[in-house]
Amino acid sequence: MKAKILFIERKFWKKNFAAFSLEKVFEQIAKLLPTEKFATSIVKVPYGNSFLDILKNLLFFNKSKADIYHITGQIHYLSLILPPEKTVLTIHDTGFMQHESKLNRFIIKKLFLDLPVKRLKYITTVSETTKKSILANTDCLPDKIRIIENPIQEHYLNSEKKPFNNDCPTILQIGITPNKNIPNLVKALKGINCRLRIIGNLTEDLIVLLNEANINYKNAFGLGDSEMRSEFENADIVAFCSTFEGFGLPVIEAQSMQTAVITSNISPLNEVSGGAAFLADPFEVSSIREGILRLINDDDFRNKIIEKGLENIKRFEPRFIAGQYEKLYSEILSESK
C-alpha cells in the first residue's frame, strides 16, 4: 500500500507576494517522489498570517488522514496540532524573529520556533546558516535537524542565453522586502547606464527612492512560471544583494539560466552560489557598485562565473533533492512501524 504524504502550505496572497518560487519547491518534490511508494497531496491553510489568522488556522484547519504530514514552511505553528511522530517541519529561515516589537517577537518565536522544534521529531532546513540560527535560539539537539537544500525548478533548466548588452544591461532584482536591500542597490546603480527590472509590489517609499535617483526601472509582480523564466532570460545581470536570507533560490535560478549574478558575501548566499558570482558586501554601496561595473565591463570574468554557475547547479538537481526527502520519509515510515 502506498504511503500518503500530505504537504501543508501557507495561504497564498498573490497580490502581496513578491517572489513565489519558494511555493513551488514542494510541488516539485511531490511530483518527483516514486509513485509506486508514495501518494502525495498538497493543501493550504484556510487563513493568512495575522495573529488572528494563526488562531483561526489552529482551530479550523481540517487535516485529512495521512501517514506523514509535511509543513513546508512559514506556518510552523501548525505543528502544535499535528502528530509529532509523523510530522516534518521545514524551516527555511529565522527572519520572523526580527520583528520590531519585543512582545510580538516573543510570541512569534514561541509559535514559530520554540514550541514546534521542541514538539516535533523531524526538522529539516535548507542551509547550515538556518540550522545554526535554530540551534543558537533553542535547546534543539544538532542531530535533530537535517539539512536538505532547495532544488532548482525544472522550468529553469536547459536555457539558451541572448548576447550580453554591455551598453545598457538589464539588471533583475527579485523581491522588495527590507532584507532584499533595494536602497543600497539603487544607490549603487546611480549614474550607471542600465535598466532595473524589479519583481515585487513596490512600496511608495521605494518608488520615491527610485525616482529621486533617476533610475530607469520597470516593475512587475504576480508572474507565472513561464513569465519568471522570461525575466531571467531577458536579464543581463541578476542582483541579489540581500542582508539576510535562509537560502537564496534566485541565485541558482539565475545560474541555471546562464545569467551573471551579483550576490552578498554572507552565509548562506556565498555557499549557495558556489563561488559562481561576484560576492559583494551588501552593507557597502561601493562594493555593490564595483560588482555591477565589473560584470558589465569584464567579459572574461562574467563568462567565467556563468560557466562555473552551470557546474554549481548540478548539486541542486531536482531528482537528487527529491531523493533526500524520499530517504527521510522512508525512515519515518520504518520507525513508525
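Can you name every residue in the stretch 90-135 that is surrounded by fewer than 16 Cβ atoms within 10 Å (Cβ to Cβ), among the aliphatic types (A, V, I, L, M) and at pLDDT 90 or above?
Of everything in the stretch 90-135, those that are surrounded by fewer than 16 Cβ atoms within 10 Å (Cβ to Cβ), among the aliphatic types (A, V, I, L, M) and at pLDDT 90 or above turn out to be Ile107, Leu135.
Tell me whether the stretch 125-132 contains one or more residues that are part of a strand (DSSP E or B), over 30 Å from Arg315 (Cβ atoms) and within 22 Å of the chain's Cα centre (by Cα).
Within the stretch 125-132, not a single residue is part of a strand (DSSP E or B), over 30 Å from Arg315 (Cβ atoms) and within 22 Å of the chain's Cα centre (by Cα).
Quick check: is even one residue across the stretch 105-118 of a type outside the set (Gly, Ala, Ser) and assigned to a strand (DSSP E or B)?
No, that holds for no residue.
Could you check, for the stretch 296-312, whether at least one of its residues is hydrophobic (A, V, I, L, M, F, W, C), under 25 Å from Gln153 (Cβ atoms) and assigned to a loop (DSSP other than H, G, I, E, B)?
no
For Ala276, all conditions in the list (1) part of a loop (DSSP other than H, G, I, E, B); (2) touching a residue at least 60 places away in the same chain (Cβ under 8 Å); (3) buried (at least 18 other Cβ atoms within 10 Å of the Cβ) hold save one; what is the number of the exception?
In the conditions (1) part of a loop (DSSP other than H, G, I, E, B); (2) touching a residue at least 60 places away in the same chain (Cβ under 8 Å); (3) buried (at least 18 other Cβ atoms within 10 Å of the Cβ), Ala276 misses (2) alone.
Quick one: which of Glu290, Glu326 is over 30 Å from Lys37 (Cα atoms), of a type outside the set (Val, Ile, Thr) and modelled with pLDDT of 95 or more?
Glu290
When you scan the stretch 177-187, do you find a residue that is within 24 Å of Thr243 (Cα to Cα), touching a Cys at 6+ places or on another chain (Cβ under 9 Å) and charged (D, E, K, R), even just one?
Among the residues of the stretch 177-187, at least one is within 24 Å of Thr243 (Cα to Cα), touching a Cys at 6+ places or on another chain (Cβ under 9 Å) and charged (D, E, K, R), which makes the answer yes.
May I ask you to list the residues in the stretch 196-215 that are within 24 Å of Ala277 (Cβ to Cβ) and either among the polar types (S, T, N, Q) or touching a residue at least 40 places away in the same chain (Cβ under 8 Å) (or both)?
Residues satisfying the conditions are Ile199, Gly200.
Exactly one condition in (1) of a type in the set (A, V, I, L, M); (2) assigned to a helix (DSSP H, G or I); (3) modelled with pLDDT of 95 or more; (4) surrounded by 14 or more Cβ atoms within 10 Å (Cβ to Cβ) is not met by Ile198; state its number.
The one condition Ile198 does not meet is (2).
The values are calculated or read from the model by the stated rules, or taken from the named source; none is laboratory data. Computed from a predicted structure; not experimentally measured. Glycine also receives a Cβ, built like all others from the backbone with ideal geometry; neighbour counts cover every protein chain displayed.
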